[in-house]
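Have a look at the structure below, then the notes.
The values are calculated or read from the model by the stated rules, or taken from the named source; none is laboratory data. Quick caveat, the model's predicted, so the values are computed rather than measured. Accessible surface is based on the protein model in full, side chains and every heavy atom, while ligands, DNA and RNA are left aside. Shrake-Rupley method; radii C 1.70, N 1.55, O 1.52, S 1.80 Å.
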Amino acid sequence: MHTKNLTLAALVLTAGLSLTACQGSENSAASTSDSGSSSSSAETSGTSGGSGDSDESTAATGGDSATTESAAGSGNERITTGTCKTSNLDFDTAPGMGEGTLLVSLKNTSDACTLKGFPGVDLRSQDASGLLSAKRSGLTAPVVDLGNGETTRFTLHYPSAEGTGAYVSAIEVTPPGETHSKALSVSLRLQIAEGADQKVVVDPVGTGKQ
């Protein structure tokens, strides 16, 4: 997604009220055998073969674990299918508790998957002539494992205005680790002031009250 970061002031001057948005080693133990009798060599070879079978089994298990993850910090060992895909998530928005906050929820509609990191959030003005990308907050991103039907969310912070602010009609959300976005209809008014665009900030998925 190619976005062009513009300050709100510049957008007002050049395009009216347009805005936007814009991460086994298989220790192979080579058995060395002493030169001895041929029967001793055969036994050593047989032992090596058994160890190889065991190593292959371990390698296969390791291969599976490369595409699955267990729930971090829990004792349940929930198996996930990897990063949650945009196509397997249902999105929704709701006003936050404080002024200038928007809650975006993500509900998993498929097999268990994992989210970790910051979503990409681009704000689109009503006339769709520009995008303003939300900056990342300083919060630490937790690992969020979502089973089928489970929901998590994140918070978007913005400098709100009444009446005369720049109107934002939609946001485009890209989940962490994904390249596909989802457009969501919203109704937000942002302050038109120098540096106001720097106050459009997004928290990582899974932070705040869930």
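Data for the structure
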item: Gap separating the Cα centres of segment 133-152 and segment 84-116, nearest whole Å; result: 8
item: Shape category assigned to segment 164-210 from the gyration tensor of Cα positions, a/c cut at 1.5; result: prolate
item: Accessible surface of segment 93-210, 1.4 Å probe, proportion on carbon and sulfur as whole %; result: 48
item: Rel. contact order, % - alpha carbon contacts under 8 angstrom, at least six apart, segment 118-210; result: 44
item: Rounded to the nearest 10 Å², the accessible area of GLU99 at probe 1.4 Å; result: 150
